[in-house]
Each structure stands twice: as C-alpha cells, then as structure tokens.
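The values are calculated or read from the model by the stated rules, or taken from the named source; none is laboratory data. Model, not experiment: these values are computed from the prediction. So basically every Cβ, Gly included, is an ideal-geometry build from the backbone, and we count neighbours across all protein chains shown.
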Amino acid sequence: MFGWNDYFQHIEFVVGLGNRIRFWQDKWCGDRALLDRFPTLYACSSHREVTIDSVLIRPNAGGLCEWNVTFGRDFNDWEIDLVVEFFQLLASNTPSNEGPDGLRWKGRKDGIFTSRSFYHVLNVRLGVPFPWKVIWAAKAPPRVSFFIWTATWRKILNCDNLMRRGYTMVSRCCLCCSNGETVDHLLLHCPVLHMLWKLSFLFVPC
C-alpha cells in the first residue's frame, strides 16, 4: 500500500542542531538507521531514545565535535572491530551545520519534494512503467478512464476497500455471493463477471 512508508524511504535527514533527530532510529548517516546497521551496539546502548544533540559535544569556540555515546557493558575482543567501524562512521558524518534540522527529498537533486517526482519514484519501484497514456489518452469518457485508473491502483469502492475504511458489511462478492470482494476477484476472477466478459467480447467487431 502506497503511503508514508513509500515516502519515508526516499527522504534523508539533514542534521542541524540535532535536537529533533533520533540518534539510533532515524536515517541521518546513510541509507540505514544506526540501530539497523549496528544492532549489537544498539542492544547494549545505555540510552536508546536519545537525540543527536544529546550525544554530540560541540565546543564553545572552534575545535572538533566529540561523540559521547555510552554503553552498558564492556566489549569483547571480537566486537572491537565493530565498535571502531561505528565511531569511524560517526566521525565521517559529524554535523557542521548549526541551523534547524530538516528533511531532504532524494527523488530530486535540489532535495525539494514534488508529487511528480514521487510518482516517478513509485514507477521505478514497481519495475514496469505504469501505462498511464493508454488510460488517459484512450477515446473513452473521462469517467471510464477514471474508473480504470482507480481500479488499476486497487482503490475502487468495493467491499474490501470499504471495510478498510471502517464500514461494516459482509465480505462477499455482490455478483457470485461467494469469496471476498477484492478488486482482483470482482474484475477478474468472479465467475459471473467472467461470463459477462466473454459475452461482451462476442459483440466486439474484429
């Protein structure tokens, strides 16, 4: 289902003061959050819900910033390389900006979100370009094109989608009175509609 998850995976945090970005949970130093990249270190962290500004020591005037990430136990010998990698990553991503925290849209070079770029990102994710020209350029009434468009995205108001919106009803096809009325069943697999499709094609001129 398209929504926040699809949007969120194409944004990155721009660290400023770091008071609104979670150190472990948010993706601010690469394509993955630190808790996903270093689950062992996250599990033994002393403070898991901290923001960046609470673990980053900024000097008053000049000098280098220092990371103050603490852990609840000593590390074993075989974990030292992981700890070194962790702090090397932090050192290479130490924020230098002191402005407000922000978000950057990775779908455009300028980092600004547009609905057009989001549409393009969704098409790329699907692997096959969506044939929108076939739908909207067809010689058909606009309401027909709109129905095909919404059916393709599985957004028509069938029983399954209405129940997801909170309506109480029987999950049963209104034509064959069996199975759940999903979009695929209603338009493709329903035996009654399947017969109607066959009859309709008999009257289509070759």
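Brief remarks follow.
- Qualifying residue in region 109-131 (condition: at pLDDT 85 or above and in contact with a helix residue (DSSP H, G or I) (Cβ under 8 Å, 6 or more places away or on another chain)): no
- Residues in region 16-32 that are at pLDDT 90 or above and touching a Lys or Arg at 6+ places or on another chain (Cβ under 8 Å): Trp24 only.
- Tabulated pairs, region 29-58, first without any contact (Cβ under 8 Å) to a residue 24 or more places away in the chain, second basic (Lys, Arg), C-beta under 6 angstrom, 6+ apart or interchain: Ala33/Lys27
- His10 in contact with a helix residue (DSSP H, G or I) (Cβ under 8 Å, 6 or more places away or on another chain) and within 30 Å of Asn161 (Cβ to Cβ): yes
- Residue count, region 3-44 (criterion: surrounded by 16 or more Cβ atoms within 10 Å (Cβ to Cβ) and basic (Lys, Arg)): 3
- Pairing each residue of region 64-87 that is touching a residue at least 24 places away in the same chain (Cβ under 8 Å) with any residue that is in a loop (DSSP other than H, G, I, E, B) and exposed (fewer than 13 other Cβ atoms within 10 Å of the Cβ), provided the two are 6+ apart or on different chains, yields C-beta distances under 9 Å for Cys65/Pro59; Cys65/Ser96; Val69/Ser46; Thr70/Ser46; Phe71/Ser46; Gly72/Ser46.
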